[in-house]
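Below is one structure; the comments refer to it alone.
Where a number appears in this text, it was derived from the coordinates with a stated rule and is not lab data. Being a predicted model, the structure only gives us computed values, none of them experimental. Cβ placement follows ideal geometry from the backbone for every residue including glycine, while neighbour counts extend to all protein chains displayed.
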Amino acid sequence: MERTFAIIKPDAVERKLAGQILARIEEKGFTIAGMKKIQLTRKQAEGFYYVHKERPFFNDLCAFMSRSPVIVLCLEKENAIADWRTLMGATNPANAEPGTIRKDFAVNIEENSSHGSDAPETAAFEIPYFFSALELV
Ligand code: UDP
Ligand code: MG
């Protein structure tokens, strides 16, 4: 079993797409080990995305991620990290495969509806950024 970290981003929560995204997650066999709705502060968004701090999109991204609530998730499954990335689709919805969350729901490359850890080391940073051990079952 592997765990990954996921976010249903502000654009999707605002448009009331959380239920549809959660249904896809469960249909693909993920177990929801942890879930909560929170609104990130600007500083919390910057800390989460610190690896991108030199990128041109960093400021806009952190403003977007803190503008309204998100749903943060810890998902569990064999091969969870890669399988969640597959279910999300490419970062830019224009390049995402048909039937993926980003193809079907994303507004654009920034407001792309979902986040997923990209490697085990990333998941190991991201899961405890949001969840204590007692919140994961
Ligand atoms: N992003 C953006 N412009 C870009 C690339 C990325 O606004 O040119 C945003 C987008 O919301 C993306 C996030 O920054 O999901 C993190 O980028 P990353 O390259 O890690 O993509 P991801 O891992 O989310 O597919
Ligand atoms: Mg990434």
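Quick rundown of the values:
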read-out: Kirkwood Rh and Cα Rg combined as Rg/Rh, the stretch 9-61; value: 1.06
read-out: Dipole magnitude of the stretch 40-117 about its Cα centre (Cβ charges: Lys, Arg +1; Asp, Glu -1), debye to nearest 20; value: 240 debye
read-out: Per-peptide average of other Cβ atoms within 10 Å, ordering 104-117, 81-94 highest first; value: 104-117, 81-94
read-out: Distance between the stretch 38-75 and the stretch 94-118 - C-alpha centres, whole angstrom; value: 16 Å
read-out: Those residues of the stretch 66-98 whose amide nitrogen sits under 15 Å from the label point placed on residue 110, 7 Å along Cα→Cβ; value: 66-68, 92-93
read-out: Along each principal axis, Cα extent of the stretch 16-94, largest first, Å; value: 35, 25, 22
read-out: Cα-projected label distance for residue 38 with residue 125, points at 7 Å along beta-carbon direction, nm; value: 1.6 nm
read-out: Residues with amide H under 5 Å from that of residue 117, placed H, sequence gap 5 or more; value: 5
read-out: Value at 222 nm in deg cm²/dmol, rounded to 500, when DSSP H runs of n ≥ 4 in the chain each add -39,500 (n - 2.57); value: -10500 deg cm²/dmol
read-out: In the chain, lysine pairs with alpha-carbon atoms under 27 angstrom apart (chain gap of 8 or more, or interchain); value: 26
read-out: Kirkwood-based Rg to Rh ratio, the chain, C-alpha trace; value: 0.93
read-out: In Hz, Karplus ³J(HN,Hα) per residue of the stretch 69-82 (6.51, -1.76, 1.60; θ = phi - 60°; x = Gly, Pro); value: x, 10, 10, 9, 9, 10, 10, 10, 4, 5, 6, 4, 5, 5
read-out: From the C-alpha gyration tensor of the stretch 82-130, square roots of 5λ in Å; value: 21, 11, 8
read-out: Within a Gaussian network of the chain (alpha carbon springs, distance under 10 Å), most fluctuating of 42, 55, 67; value: 55
read-out: Residue 53 paired with residue 27, simple spin-label distance in nm, labels 7 Å along Cα-to-beta-carbon; value: 4.0 nm
